[in-house]
Amino acid sequence: MAIAQYLSKAGKNYHQNAMMNLKVKHLFILLVTFLVLSTANAFGAEAKVSVSYLYNLSNFSGILHVSWVDIAVNATQDEIYVLTGRAIKIFNDKGMEVYSFNDAGEIPVVLDVAVDDEGNIIALTNSNEGIVRCNYRGEPVEKMELQNLPPQFAGFAPGRILYRKGLFYFASLQSKQVVITDAEGRFKDGYNIGALINLDEYVKENVKKEDTEDTDIVGFNVDQEGNILFTLPIIAKAFVLSPDKTIKSFGTLGGAEGKFGVPGGITADASGKFILVADTLRCVVLVFDRTFKFYGEFGHRGYGPGNLIGPMQLAVDGQNRVYVTQLANRGVSVYQLTIS
């Protein structure tokens with residue numbers, strides 16, 4: 001059962017309440033600054049955190065109109081990599097497309113990309129090409145293989161790849177497994193997340209039988225300290241898995257502020273002090289601190305500047321710009337997260 005089915009089921013009960021509370025929840029104020037229409041959401045004096053809408057990723061033809069694309073950040077250069085079908089498009093720190101490669105599908109079926117410390121682009125595919133290391137121009141240089149996987153990871157088929165401080169993090173969202181390797185693909189560590197949180201038993205006891213087909217991880221990320229962040233929509237929770245295998249969860253199902261309708265993408269800010277979670281159903285991005293205290297949310301359902309429709313994946317660059325993918329061909333919205 002795809003996440004769209006989650007939205008359909010949850011939306012039936014949520015829609016009326018969402019419409020009634022829309023004005024209360026809509027905290028953005030439209031501003032005009034340097035001819036840029038922006039949206040601001042203050043989180044209060046205690047938090048000293050604010051978010052303002054900047055722009056949508058664009059090219060010389062205008063806004064990039066795509067839905068639910070996969071994105072990756074090169075934090076060193078503050079570049080954004082967007083997978084749009086076959087093509088991989090690179091955007092600079094001003095949100096403009098500066099380069100594109102694989103337009104003709106030279107690397108077949110790219111699932112995700114990561115960028116290492118040297119600027120090499122690593123493309124994860126679901127074809128015989130496997131993992132392809134490319135230079136900064138996107139030209140394939142060599143294939144990379146996962147090496148020395150222990151027996152419990154036999155048949156491991158990753159769909160996500162991230163690079164953090166010399167390590168690659170590969171994730172199979174369906175099997176809920178994570179493999180960590182060195183820069184050459186040699187096995188360093190691995191996690192069976194489903195077993196760590198005893199997910200099967202929880203689902204059996206708490207989830208209706210007709211809803212148990214899709215227990216996939218949806219949001220997946222790794223912060224700069226090596227903590228694995230992920231969301232499980234089926235139980236409406238987000239998780240932080242530390243390198244020592246300590247795991248903590250947070251989030252409560254509901255339609256009010258600070259609650260999860262259908263949690264999607266997850267990421268940490270550049271300082272590592274806050275965790276951001278996209279709620280695909282409620283059309284907001286929620287902000288929590290590391291104690292999981294709720295600080296506020298931004299976006300809100302709508303078609304105006306700064307609004308969101310079905311937000312999904314999240315990424316944050318080194319300047320605390322937040323990138324949010326969404327539905328309805330609204331592309332990737334970019335916000336500035338400010339922490340004083």
Task: Among residues of region 144-176, those that are within 15 Å of residue 114 (Cβ to Cβ) and free of Cβ contacts under 8 Å to residues at least 60 places away in the same chain, counted - done: 12
- [ ] Considering each residue of region 106-120, count those that are in contact with a strand residue (DSSP E or B) (Cβ under 6 Å, 6 or more places away or on another chain), within 25 Å of residue 191 (Cα to Cα) and either β-branched (Val, Ile, Thr) or surrounded by fewer than 14 Cβ atoms within 10 Å (Cβ to Cβ) (or both), and give that number.
- [x] 3
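Among 258, 272, which is the only one that is out of contact with any helix residue (DSSP H, G or I) (no Cβ under 9 Å at 6 or more places or on another chain), on the phi > 0 side of the Ramachandran plot and in contact (Cβ under 8 Å) with a residue 40 or more places away in the chain? Step through it out loud before you land on a result.
On the way: 258 fails: in contact (Cβ under 8 Å) with a residue 40 or more places away in the chain.
None of the other options fit; the residue is 272.
Given the criterion closer than 25 Å to residue 82 by Cβ and either modelled with pLDDT under 95 or surrounded by fewer than 19 Cβ atoms within 10 Å (Cβ to Cβ) (or both), identify the matching residue among 204, 208, 188, 143.
143
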- [ ] Check whether at least one residue in region 244-254 is touching a Pro at 6+ places or on another chain (Cβ under 9 Å) and closer than 30 Å to residue 190 by Cβ, and report yes or no.
- [x] yes
Open item on the list: Can you tell me which residue is nearest to residue 197 (Cα to Cα) among those in region 221-248 that are charged (D, E, K, R) and not in a loop (DSSP other than H, G, I, E, B)?
Closed with: 248
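How about region 96-105: which of its residues are of a type in the set (Gly, Ala, Ser) and touching a strand residue (DSSP E or B) at 6+ places or on another chain (Cβ under 7 Å)?
100
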Open item on the list: Given the criterion surrounded by 13 or more Cβ atoms within 10 Å (Cβ to Cβ), under 30 Å from residue 304 (Cα atoms) and among the basic types (Lys, Arg), identify the matching residue among 86, 160.
Closed with: 86
TODO: Can you tell me which residue within region 176-227, out of those that are polar (S, T, N, Q) and touching a strand residue (DSSP E or B) at 6+ places or on another chain (Cβ under 8 Å), is farthest from residue 243 (Cα to Cα)?
DONE: 215
- [ ] May I ask you to list pairs of residues, at least six apart or on different chains, whose Cβ atoms are under 6 Å apart, with the first in region 71-91 being among the polar types (S, T, N, Q) and the second being part of a strand (DSSP E or B)?
- [x] 74/115
- [ ] State whether the residues of region 88-96 include one that is outside any strand (DSSP E or B) and over 19 Å from residue 313 (Cα atoms).
- [x] yes
TODO: Taking residue 52 as meeting all but one of (1) at pLDDT 95 or above; (2) within 15 Å of residue 305 (Cα to Cα); (3) in contact with a Leu (Cβ under 7 Å, 6 or more places away or on another chain), write down the number of the exception.
DONE: (3)
Open item on the list: Please pick out the residue among 221, 198, 206 that is of a type in the set (S, T, N, Q) and within 27 Å of residue 119 (Cβ to Cβ).
Closed with: 221
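The values are calculated or read from the model by the stated rules, or taken from the named source; none is laboratory data. Fair warning: this is a prediction, and the values are worked out from it, not measured in the lab. Here Cβ is always computed from backbone atoms with ideal geometry, including for glycine, and neighbour counts include all displayed protein chains.
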